[in-house]
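Novice: Shown below is the structure under consideration.
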Amino acid sequence: MAFDSLTDFFEMGRHGVYVWSVYGFSVVSLIFITWSTLSRRRHVQKTLRKRFQRDETI
Amino acid sequence: MTYLSFIKAEVLVLWRRKQNVFNALLFFLMVVILFPLGVNPSAEFLAPAADGIVWCATLLAVLMATESMFKEDYADGSLEQLIISGLSLPLLMLLKTTAQWLVVLLPLLLMMPLLAEMLYLPDGSFWVLIATLVIGSPSLFLIGAIGAALTVSLKQGAILVMLLILPFYLPVIIFATSAVRAAQLGLPYLGLLAILLAIFLLSLVIAPFMIAIAIKASTN
Amino acid sequence: MNWAWFHKLGSPKWFFHCSRPWALPLFIVGCVSLVVGLIWGLAFAPEDYQQGNSFRIIYIHVPVAMLAQSCYLALGVSGLVYLVWQMKIAPTFIKAVAPIGAVMALMALVSGAIWGKPTWGTWWVWDARLTSVLMLFLLYMGIIALQNSLTDLLLANKAVAVLSVVGLLNLPIIKYSVEWWNTLHQGATFTLTEKPAMPVEMWLPLLFSTIGLYCLVAGLALWRMQTEILAREHRSHWVKEEVMKHGL
């Protein structure tokens, strides 16, 4: 561990705001792109399944 | 149809649609006028910025002019005729772009002495500015024509073309304005003109083929 | 030489079935490696003696910037592949990767700007690297905008491929011109001090987070491509079987 205490870790010697905002933004962006990928996947699967089921009943 | 008859028809069409070219030139003038009015009319600001202002206005005017260059041909079906004419489509597209270039650039160059005066362009850099316009603008037209061909099937394509194409104009404007500035400082500028020429040659090799692919895909 | 594998690669069905088992493992391995790299970099890597703790941003910034560029390279290459060989997979790849690349470029811009504040004293300088990443972001947005505005699938495929290829050819010129312009307008006062060699304990977490992000993006890209293939090939029989039997 490069820090003495937990508060040191969060403060990062006055640079905490910058470091943590970058990490926060990046995590949010990565979650966003993952979420959009998976939600589109679910959406396509749902619509296709509905369409195929409808085709079968006809 | 032959290449010669194509050129003849193209010149005739450009003459009939002269309002389009006229609009692009007026637009160019408007953008140039915005800078003194919007930023600062003093010679201290305008003189060092003149080349940049002229080039920014040129980029936008060229985009305006090229954006619609395939629209009417697409609507009336003459693009399809070009494809099945048996002539080389890339070459035809190159000829078309060249015609467009001549029609827009020549009046623009004629306006330059006046604008140079209005923008207090420093003495001695006028001819370098003209040279950068002559060497640099063909690349603008060739690249802009790619954007126009990609969006020809869309009704409202103008803003999309700007978004697609402006990043590609960046090197041209950088080297062109740098050449003018180098000339103002008495530094050698021929190397920069050579880079502009290289960008032009690269566009000349690639753009006609890309335009042809885009046109073919759009007319299917 | 046997080119059968190359042509097989162009078949959406073949690609779908081959890539299917890879997406989730790649994504998970990527996540784990990224998290290991980031926590290591945040908490255990030693402090930089010049920049203090703000250098820890490097563990995000560098991998993200590398991916932003690699994604564009991949887009350009697959555009070329599509224009030359008409391979059906290539446009799905472009459509899948362009938004990921845009997000990566945006992350590189934001992290660069935030890193700039403690290092240079301002959020934004017209630094060559920042400016060329901004251009890269605009190129990505152009591809996405073109993809979204063309409704005809075949035309969209071709158009986006053309734009990616033109972009790939132009990217070196744009980068070079921006670097040249930057040296013209400002001296070398604002450059990140490049040290000759990073110590291993600083460098190793960077390796982890970079490899992790590459794997994560590869997993995401595969998922997106598979989704796109199913949506595009919805008329073929194997898609029906696939959806009804397995789900996704």
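Laboratory data are not the source of any read-out in this text; all were calculated from the coordinates shown. Every value quoted in this text rests on a predicted model; they were computed, and no experiment measured them. Every residue, glycine among them, receives a Cβ derived from its backbone with ideal geometry; neighbour counts consider all protein chains shown.
Novice: Enter the mean number of other protein chain beta carbons within 10 Å of the beta carbon of each residue in B:214-220, as an integer.
Specialist: Working: counts 6, 0, 2, 10, 6, 1, 4.
Taking the mean over all residues of the peptide, I get 4.
Novice: Which residue, C:Val162, C:Val84, C:Val29, has the most motion in a Gaussian network model of chain C that connects Cα atoms within less than 10 Å?
Specialist: Greatest mean-square fluctuation among the candidates belongs to C:Val84.
Novice: If the limit is 27 Å between Cα atoms, which of B:Lys71/C:Lys158; B:Lys155/B:Lys216; B:Lys8/B:Lys71; C:Lys88/C:Lys240; B:Lys71/C:Lys175; A:Lys50/C:Lys158 go over it?
Specialist: Details: B:Lys71/C:Lys158 19 Å; B:Lys155/B:Lys216 18 Å; B:Lys8/B:Lys71 19 Å; C:Lys88/C:Lys240 19 Å; B:Lys71/C:Lys175 33 Å; A:Lys50/C:Lys158 31 Å.
Cα-Cα > 27 Å for B:Lys71/C:Lys175; A:Lys50/C:Lys158; rest within.
Novice: Now for a separate question. Could you bin all the Cα-Cα distances of region B:64-165 into 10 Å bins starting at 0 and give me the percent of pairs in each, rounded to whole numbers?
Specialist: 14, 37, 29, 15, 5, 0
Novice: From the mean inverse distance of alpha carbon pairs (Kirkwood) and the Cα radius of gyration, derive Rg over Rh for region B:1-156.
Specialist: Across region B:1-156, the Cα-based Rg/Rh ratio is 1.04.
Novice: Looking at region C:36-144, which chymotrypsin sites (Phe, Trp or Tyr not before Pro) are in a loop (DSSP not H, G, I, E or B) and have at most 13 other Cβ atoms within 10 Å? Let's see the in-between values first.
Specialist: Working: sites: C:Trp40, C:Phe44, C:Tyr49, C:Phe55, C:Tyr59, C:Tyr72, C:Tyr82, C:Trp85, C:Phe93, C:Trp115, C:Trp120, C:Trp123, C:Trp124, C:Trp126, C:Phe137, C:Tyr140; in loops: C:Tyr49, C:Trp123, C:Trp124, C:Trp126.
Answer in residue order: C:Tyr49, C:Trp123, C:Trp126.
Novice: Could you work out, residue by residue across B:148-161, how many beta carbons of other chains sit within 10 Å of that residue's beta carbon, and then give the average as an integer?
Specialist: Numbers: counts 0, 2, 12, 5, 2, 6, 4, 0, 1, 2, 0, 2, 6, 2.
Other-chain Cβ atoms within 10 Å of each residue's Cβ, averaged: 3.
Novice: Ok, one more. Mean Kyte-Doolittle of at least 0.5 plus a Cα span of 30 Å or more along the axis: flag which DSSP H helices in chain B meet both, please. Working shown, then result.
Specialist: Values: long enough: B:43-67 (35 Å, 1.32); B:89-118 (42 Å, 1.70); B:126-150 (35 Å, 2.09); B:158-184 (36 Å, 1.93); B:190-219 (42 Å, 2.39).
Qualifying helices, which must be both long enough and hydrophobic enough, are B:43-67, B:89-118, B:126-150, B:158-184, B:190-219.
Novice: Once phi is turned into θ = phi - 60°, what whole-Hz ³J(HN,Hα) does the Karplus curve with 6.51, -1.76 and 1.60 give for every residue of region C:232-239, x standing for Gly and Pro?
Specialist: Once θ is set to phi - 60°, the couplings for region C:232-239 become 6, 9, 5, 7, 7, 5, 5, 5 Hz.
Novice: Treat every Asp and Glu Cβ in chain B as -1 and every Lys and Arg Cβ as +1, leave all other atoms uncharged, and give the resulting dipole magnitude about the Cα centre to the nearest 20 debye.
Specialist: Numbers: 9 positive and 10 negative charges, 78 e Å.
For this selection, approximately 380 debye.
Novice: Based on alpha-carbon centroids, what's the gap between region B:14-86 and region C:13-82 in Å, whole number please?
Specialist: Each part reduced to its Cα centre gives a spacing of 42 Å.
Novice: So what does log10 I(q)/I(0) come out to for chain A at q = 0.13, 0.18, 0.19 Å⁻¹, using the Debye formula with one equal point on every Cα and no solvent?
Specialist: -0.57, -0.74, -0.78
Novice: Return an integer: the convex hull volume of the alpha-carbon atoms of region C:25-146, in Å³ per residue.
Specialist: On the way: hull volume 13.6 nm³, N = 122.
Measuring per residue, one finds 112 Å³ for the Cα hull of region C:25-146.
Novice: I'd like to know which of B:Ser5, B:Tyr189, B:Ile174 lies farthest towards the positive end of the charge dipole of chain B, counting +1 on Cβ of Lys and Arg and -1 on Cβ of Asp and Glu.
Specialist: Final value for the positive-end residue is B:Ser5.
Novice: Spelling out what I want: for every residue of region A:53-58, take phi, set θ = phi - 60°, compute 6.51 cos²θ - 1.76 cosθ + 1.60 (Karplus), and round to whole Hz; glycine and proline get x.
Specialist: 5, 4, 4, 5, 5, 6
Novice: Hey, what number do you get for chain C at 222 nm if only DSSP H runs of n ≥ 4 count, each worth -39500 (n - 2.57), divided across all residues, to the nearest 500?
Specialist: Value at 222 nm, helices only, nearest 500: -27000 deg cm²/dmol.
Novice: Just for the Cα atoms in region B:19-111, what are the lengths along the principal axes, largest first, rounded to whole Å?
Specialist: Extents along the principal axes, in whole Å: 57, 21, 17.
Novice: Let me ask you something else. Can you compute the charge dipole magnitude of region B:48-104 about its Cα centre, using +1 on each Lys and Arg Cβ and -1 on each Asp and Glu Cβ, nothing else charged? Give it in debye, rounded to the nearest 20.
Specialist: Values: 2 positive and 6 negative charges, 25 e Å.
Using Cβ point charges on Lys, Arg, Asp and Glu, region B:48-104 gives about 120 debye.
Novice: Mind computing the radius of gyration and Dmax over the alpha-carbon atoms of region B:88-220? Å is fine for both.
Specialist: Just the Cα atoms of region B:88-220 yield Rg and Dmax of 16.3, 54 Å.
Novice: Let me spell out the model: positive unit charges on the Cβ of Lys and Arg, negative unit charges on the Cβ of Asp and Glu, origin at the Cα centre of chain C. What dipole size does that give, in debye rounded to 20?
Specialist: 760 debye
Novice: Sticking with this one: Over the protein assembly as shown, what per residue volume does the convex hull of the Cα atoms give, in whole Å³?
Specialist: Convex hull volume per residue, Cα atoms: 201 Å³.
Novice: Go from 0 up to the bin containing the longest alpha carbon distance in chain C, width 5 Å each, and give me the % of pairs per bin.
Specialist: 1, 6, 11, 15, 16, 15, 13, 9, 7, 4, 2, 1, 0
Novice: Enumerate by residue number the trypsin sites (Lys or Arg not before Pro) in region B:134-220 meeting two conditions: DSSP loop (anything except H, G, I, E, B), and at most 12 other Cβ atoms within 10 Å of the site's Cβ. Can you show the working numbers first?
Specialist: Numbers: sites: B:Lys155, B:Arg181, B:Lys216; in loops: B:Lys155.
Within region B:134-220, the qualifying trypsin sites (Lys or Arg not before Pro) (loop, at most 12 other Cβ atoms within 10 Å) are B:Lys155.
Novice: Please list, short to long, the whole-number percent of alpha-carbon pairs of region B:109-180 in consecutive 5 angstrom bins beginning at zero.
Specialist: Once binned at 5 Å, the Cα pair distances of region B:109-180 give 3, 15, 20, 18, 15, 14, 9, 5, 1, 0.
Novice: Pick out, in residue order, every one of the trypsin sites (Lys or Arg not before Pro) in region B:1-82 that is DSSP loop and has at most 16 other C-beta atoms within 10 Å; say none if there are none. Walk me through the numbers before you get to the answer.
Specialist: Working: sites: B:Lys8, B:Arg16, B:Arg17, B:Lys18, B:Lys71; in loops: B:Arg17.
Within region B:1-82, the qualifying trypsin sites (Lys or Arg not before Pro) (loop, at most 16 other Cβ atoms within 10 Å) are B:Arg17.
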